[in-house]
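Q: The following block contains the structure, expressed as structure tokens.
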Ligand SMILES: Cc1cc2nc3c(=O)[nH]c(=O)nc-3n(C[C@H](O)[C@H](O)[C@H](O)COP(=O)(O)OP(=O)(O)OC[C@H]3O[C@@H](n4cnc5c(N)ncnc54)[C@H](O)[C@@H]3O)c2cc1C
């Protein structure tokens with residue numbers, strides 16, 4: 001079979017490396033560079049845990065994990081095991097975290113509830129947390145970079161007492177097994193393995209049309225060439241709806257904006273990824289993995305609309321032994337919060353940029369300032385699960401709608417695509433319930 005994969009992000013390259021050793025003739029077409037778009041914009045967290053784990057998500061994560069463990073343990077791709085801390089801002093969420101702490105260990109995932117007093121040991125400033133906790137105003141109000149909930153005229157001693165009480169009341173879930181990595185390295189690793197198996201990886205080439213004959217795909221047009229195809233795999237990330245439209249397929253896919261800023265401040269950084277209930281998070285930048293502000297500009301940064309002046313100011317502050325760096329991001333994964341953005345025209349909202357320094361103080365950074373910023377799109381579905389399977393157009397297979405977990409689940413998604421294109425053999429331990437759970441027919 002001649003198979004064309006459209007998109008060379010983490011999903012397309014993982015699929016290419018999975019299909020490479022088969023007898024199929026596989027070509028991957030990527031309009032920019034391998035892993036240079038949403039994959040490069042991501043936080044690079046390979047998640048084992050989840051606050052409300054559903055069986056499909058757990059199965060995908062478990063399957064991916066066995067592949068990633070091999071890459072990370074052998075040092076083929078650098079990683080750091082920082083763990084994740086989920087922090088409740090309401091009693092209801094604290095109860096959900098307590099439930100997760102009971103359920104996750106049943107699936108072999110280490111998890112425990114921690115309180116404010118344990119946080120300091122994990123490298124998080126509980127005082128900063130009490131100021132941020134429940135104060136989602138920091139997202140909406142430009143200029144309010146403290147997020148302090150105090151009102152003018154408050155008695156400072158009473159405020160101190162409240163802060164101490166509040167520190168004791170913080171509830172968080174700590175899952176030590178989540179890992180950080182550089183997702184572009186992962187995509188490059190997958191692309192290299194695919195090439196070794198004879199997959200053609202074409203970068204700098206755009207798919208402009210997918211042609212069909214009698215409701216089956218027949219070929220792919222690019223801006224350079226025409227490729228015969230018995231099957232086309234849509235792994236175009238946030239551009240997936242545009243590719244679906246080329247063959248008249250319409251699927252429920254929306255986008256949510258994923259802004260990120262990198263901050264540098266005084267103090268060292270050694271803490272888990274910390275995710276607040278209000279969907280803001282702070283992620284340490286490990287010295288061994290470097291920082292984006294010292295890397296060449298990616299396509300995603302170009303599309304974020306930053307001026308040259310902003311970019312050059314991003315490297316003015318030099319790193320030293322007493323400075324630390326973190327990434328601060330915000331995520332929405334609900335379909336109801338989604339829109340259809342133009343993936344080539346997105347930017348970091350000013351209100352988010354203004355609120356980010358307050359989040360960096362969580363990690364104990366003093367006087368944090370922004371040294372870089374970028375933005376990506378998450379592609380979301382109504383049930384939060386990816387869309388993987390053949391569509392009504394025979395041979396047109398989708399692997400999109402990764403929500404906020406494309407880095408985490410890409411190797412498992414590649415297994416599902418392989419199972420869609422050819423029957424899994426008896427010796428394969430493939431979980432067939434995934435085919436139905438992820439099928440585009442479910443909507
Ligand atoms: C800010 C942010 C943080 C995130 N953090 C995490 C995280 O910590 N952990 C996690 O698991 N997930 C995370 N995610 C989600 C994850 O990044 C995505 O799910 C994943 O990168 C999607 O990969 P992809 O290969 O589908 O898309 P992409 O990486 O966007 O790849 C799609 C590729 O298709 C190419 N393409 C599109 N149209 C065409 C065409 N017509 N012809 C040729 N090529 C085409 C594009 O150039 C692109 O390279 C995050 C997302 C964002 C936005």
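The values are calculated or read from the model by the stated rules, or taken from the named source; none is laboratory data. As the structure is a computational prediction, the values presented were derived from the model and not from experiment. Here the Cβ is made from the backbone with ideal geometry for all residues, glycine too, and neighbour counts use every protein chain on show.
Q: Just to check your reading of the model, which residue among 35, 116 is on the phi > 0 side of the Ramachandran plot and in contact with a helix residue (DSSP H, G or I) (Cβ under 6 Å, 6 or more places away or on another chain)? Walk me through how you get there before you give the answer.
A: Numbers: 116 fails: on the phi > 0 side of the Ramachandran plot.
Result: 35 is the single residue among 35, 116 that is on the phi > 0 side of the Ramachandran plot and in contact with a helix residue (DSSP H, G or I) (Cβ under 6 Å, 6 or more places away or on another chain).
Condition check ((1) farther than 24 Å from residue 242 by Cα; (2) assigned to a helix (DSSP H, G or I); (3) within 14 Å of the ligand (Cβ to nearest atom); (4) modelled with pLDDT of 95 or more) across all residues:
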site	(1), (2), (3), (4)
388	no, no, yes, yes
397	no, no, yes, yes
410	no, yes, yes, yes
418	no, yes, no, yes
426	yes, no, no, no
441	no, yes, no, yes
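Q: In the range 27-134, which helices (runs of 4 or more DSSP H) lie fully inside it and hold 3 or more residues that are assigned by TED's automatic domain parsing to the domain that holds residue 418 and crowded, with 16+ Cβ neighbours inside 10 Å?
A: Details: elements: 38-41, 55-73, 91-103, 116-119, 126-132.
Of the helices (runs of 4 or more DSSP H) lying wholly inside the range 27-134, those with at least 3 residues that are assigned by TED's automatic domain parsing to the domain that holds residue 418 and crowded, with 16+ Cβ neighbours inside 10 Å span 38-41, 55-73.
Q: While we're here: Is it true that residue 263 is surrounded by fewer than 22 Cβ atoms within 10 Å (Cβ to Cβ) and in contact (Cβ under 8 Å) with a residue 12 or more places away in the chain?
A: On the way: surrounded by fewer than 22 Cβ atoms within 10 Å (Cβ to Cβ): no; in contact (Cβ under 8 Å) with a residue 12 or more places away in the chain: yes.
Considered against the rule, which asks whether it is surrounded by fewer than 22 Cβ atoms within 10 Å (Cβ to Cβ) and in contact (Cβ under 8 Å) with a residue 12 or more places away in the chain, residue 263 comes out as no.
Here is a yes/no grid of residues against (1) touching a strand residue (DSSP E or B) at 6+ places or on another chain (Cβ under 7 Å); (2) in the same structural domain as residue 44 (by TED's automatic domain parsing); (3) within 11 Å of the ligand (Cβ to nearest atom); (4) closer than 26 Å to residue 441 by Cα:
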residue	(1), (2), (3), (4)
220	yes, yes, yes, yes
230	yes, yes, no, yes
260	yes, no, yes, no
266	yes, no, no, no
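Q: Residues 208, 188: which one is without any contact (Cβ under 8 Å) to a residue 40 or more places away in the chain and under 29 Å from residue 256 (Cβ atoms)? Talk me through it step by step, then tell me what you get.
A: On the way: 188 fails: without any contact (Cβ under 8 Å) to a residue 40 or more places away in the chain.
When all the criteria are applied, what remains is 208.
Q: Applying the selection to the range 120-137, what residues are modelled with pLDDT of 80 or more and touching a strand residue (DSSP E or B) at 6+ places or on another chain (Cβ under 7 Å)?
A: Within the range 120-137, 122, 124 qualify.
Q: Of the residues 383, 392, 429, which single one is farther than 21 Å from residue 191 by Cα, surrounded by fewer than 18 Cβ atoms within 10 Å (Cβ to Cβ) and in contact with a helix residue (DSSP H, G or I) (Cβ under 8 Å, 6 or more places away or on another chain)? Before you say what the answer is, go through the steps one by one.
A: On the way: 392 fails: in contact with a helix residue (DSSP H, G or I) (Cβ under 8 Å, 6 or more places away or on another chain); 429 fails: in contact with a helix residue (DSSP H, G or I) (Cβ under 8 Å, 6 or more places away or on another chain).
Just one listed residue meets the conditions, 383.
Q: Exactly one of (1) under 19 Å from residue 413 (Cβ atoms); (2) modelled with pLDDT of 95 or more is unmet by residue 57. Its number?
A: With respect to (1) under 19 Å from residue 413 (Cβ atoms); (2) modelled with pLDDT of 95 or more, residue 57 is out only on (2).
Q: Anything in the range 327-346 that is away from the ligand (no atom under 12 Å from the Cβ) and either loosely packed, with under 15 Cβ neighbours inside 10 Å or at pLDDT below 95 (or both)? List them, or say none. First the steps, then the outcome.
A: First pass over the range 327-346, keeping only residues away from the ligand (no atom under 12 Å from the Cβ): 334-340, 342, 345.
Selection gives 334, 336, 337, 339, 340, 342, 345.
Q: Could you tell me whether residue 76 is within 14 Å of the ligand (Cβ to nearest atom) and either over 18 Å from the mean Cα position of the chain (by Cα) or in contact (Cβ under 8 Å) with a residue 12 or more places away in the chain (or both)?
A: Numbers: within 14 Å of the ligand (Cβ to nearest atom): no; either over 18 Å from the mean Cα position of the chain (by Cα) or in contact (Cβ under 8 Å) with a residue 12 or more places away in the chain (or both): yes.
Against the criterion (within 14 Å of the ligand (Cβ to nearest atom) and either over 18 Å from the mean Cα position of the chain (by Cα) or in contact (Cβ under 8 Å) with a residue 12 or more places away in the chain (or both)), residue 76 does not qualify.
Q: Continuing with the same structure: Going by the conditions given, is residue 181 more than 13 Å from residue 5 (Cα to Cα), within 12 Å of the ligand (Cβ to nearest atom) and either in contact (Cβ under 8 Å) with a residue 24 or more places away in the chain or more than 24 Å from the chain's Cα centre (by Cα) (or both)? Before you say what the answer is, go through the steps one by one.
A: Working: more than 13 Å from residue 5 (Cα to Cα): yes; within 12 Å of the ligand (Cβ to nearest atom): yes; either in contact (Cβ under 8 Å) with a residue 24 or more places away in the chain or more than 24 Å from the chain's Cα centre (by Cα) (or both): yes.
Yes.
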